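Structure first, then comments.
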Amino acid sequence: MDRRKAPRYAMRVPVLFRWTSTEGIGHRTWGISRDVSSKGIFVYSSEAPPQTSLLAMELVLREPGEGGGGGVRLEASGQVVRVEATGFAVVLTGELTESPGAAVN
């Protein structure tokens, strides 16, 4: 039985994610989304934050200049709820918000 509270959508886009370790060290790395819903996201990554870590994420839907326009990204915050060998699952703690034209560094 599927207990998810929102439908998932297959979406393979770059994801920049940031978190701070318990030692106060900031981490920043990239992954690729597997699927996204209004409640969460699964990210493929060789580096995963520890379970329960709080994250800031940016999903890059379009790079600046791609398709003749500005960059488009979605920003979200969340908490890691599961870590697997290939990546990790995040439950969103806020809404996905669009940030059109923003450059990702």
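Of 5, 39, how do they rank once you tally other Cβ atoms within 10 Å and put the fewest first?
5, 39
Which of rounded, prolate, oblate describes region 9-96, given a ≥ b ≥ c as roots of the alpha-carbon gyration tensor eigenvalues and a/c under 1.5 marking rounded, otherwise prolate only if a/b is larger than b/c?
Since a/c reaches 1.5 and a/b is larger than b/c, the shape of region 9-96 is classed as prolate.
Rule-based calculations on the coordinates, nothing more; no lab input. Bear in mind that the values here come from a model prediction, so they are computed numbers and not experimental data. Cβ: placed from backbone, ideal geometry, glycine included. Neighbour counts: every protein chain shown.
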